[in-house]
Amino acid sequence: MAAKIEIDEDECLGCEACVEACPSVFAMDEDTEKAVVIDGADGDEDCVDEAIASCPAECIAKS
Ligand code: SF4
């Protein structure tokens, strides 16, 4: 089963670093200006770890 990824929207700064690091998994919600996980995205992709490392708010969790 693919890893589950969660973004704490309260902490998200909307900086888009996760989208730049891993555009196949993360996208910006243009209404909230926060990052979201793309429906059906593969949470086991290597770039997820890059996105987590690049997040200045440390608000991405993988489980
Ligand atoms: S890198 Fe972190 S703070 Fe920046 S948009 Fe993504 S989840 Fe939000």
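Key figures for this structure:
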{"quantity": "Residue ID - farthest from the ligand (Cβ to nearest atom), chosen from residues in segment 8-29 that are among the hydrophobic types (A, V, I, L, M, F, W, C) and farther than 13 Å from C47 by Cα", "calculated": "A27"}
{"quantity": "Any hit, segment 9-16, residues being touching a residue at least 40 places away in the same chain (Cβ under 8 Å), aliphatic (A, V, I, L, M) and loosely packed, with under 14 Cβ neighbours inside 10 Å", "calculated": "yes"}
{"quantity": "Condition broken by T32, with the remaining ones in (1) in contact (Cβ under 8 Å) with a residue 24 or more places away in the chain; (2) more than 8 Å from the ligand (Cβ to nearest atom); (3) not aromatic (F, W, Y) satisfied", "calculated": "(1)"}
{"quantity": "Tally of residues being more than 9 Å from the chain's Cα centre (by Cα) and closer than 15 Å to K62 by Cβ across segment 25-49", "calculated": "8"}
{"quantity": "Residue among A51, A2 that alone is part of a helix (DSSP H, G or I) and aliphatic (A, V, I, L, M)", "calculated": "A51"}
{"quantity": "Pairs, first without any contact (Cβ under 8 Å) to a residue 40 or more places away in the chain in segment 48-63, second assigned to a strand (DSSP E or B) and not hydrophobic (A, V, I, L, M, F, W, C), C-beta under 9 Å, six or more apart", "calculated": "D49/K62; I52/K62"}
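Let's see how each residue does on (1) touching a Phe, Trp or Tyr at 6+ places or on another chain (Cβ under 6 Å); (2) of a type in the set (A, V, I, L, M); (3) within 12 Å of I5 (Cβ to Cβ); (4) at pLDDT below 95:
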{"position": "C22", "(1), (2), (3), (4)": "no, no, yes, no"}
{"position": "D29", "(1), (2), (3), (4)": "no, no, no, no"}
{"position": "A35", "(1), (2), (3), (4)": "yes, yes, yes, no"}
{"position": "C47", "(1), (2), (3), (4)": "no, no, yes, no"}
{"position": "S54", "(1), (2), (3), (4)": "no, no, no, no"}
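The values are calculated or read from the model by the stated rules, or taken from the named source; none is laboratory data. Note that this is a predicted model, so its numbers are computed, not measured. Backbone-built Cβ (ideal geometry, glycine too); neighbour counts: all protein chains shown.
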